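Undergrad: A single structure is presented below for examination.
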Amino acid sequence: MRKVIRTGVAEFTYARTVQPRPKLGAWLEELSRLLAINAARGRRERLTLIQIYEELRGLGYEGGYDAVRRYASVSGRALKAPVPRPPSCR
């Protein structure tokens, strides 16, 4: 807020467009594979993100849970297509 008041410009933009993933970068392929396998499982058999994170840690991943959670959220939104629903009968 202080920047906007001092400069007199009402619009402030964020310059970075690509989020760097220094520790997760090498593990993206493995994480994508785990997420795809997990999505194919039945609802009750799916792993939580904590369990997927623990599995990655067992393979040697040294990054944080939050990076895994953010990637899963973004990739999940990209993979999910809207499901057409039949019109309701009233």
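The values are calculated or read from the model by the stated rules, or taken from the named source; none is laboratory data. Note that the structure is a prediction, hence the values are computed from the model and not measured. Cβ coordinates were reconstructed from backbone atoms using ideal geometry, including for glycine residues, and neighbour counts include every protein chain displayed.
Undergrad: From the list 46, 57, exactly one residue is surrounded by 10 or more Cβ atoms within 10 Å (Cβ to Cβ) and modelled with pLDDT of 95 or more. Which is it?
TA: 57
Undergrad: Something else now. Tally the residues that are touching a Lys or Arg at 6+ places or on another chain (Cβ under 8 Å) and more than 17 Å from residue 76 (Cα to Cα), restricting the search to region 20-44.
TA: 0
Residue by residue, here is whether (1) within 14 Å of the chain's Cα centre (by Cα); (2) touching a residue at least 12 places away in the same chain (Cβ under 8 Å) holds:
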| site | (1), (2) |
| --- | --- |
| 15 | no, no |
| 23 | no, yes |
| 27 | yes, yes |
| 32 | yes, yes |
| 42 | no, no |
| 49 | yes, yes |
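Undergrad: Still on this model: Taking the residues in region 60-73 that are touching a Leu at 6+ places or on another chain (Cβ under 7 Å) and not hydroxyl-bearing (Ser, Thr, Tyr) as candidates, determine which candidate is surrounded by the most Cβ atoms within 10 Å (Cβ to Cβ).
TA: For region 60-73, the residue satisfying everything is 68.
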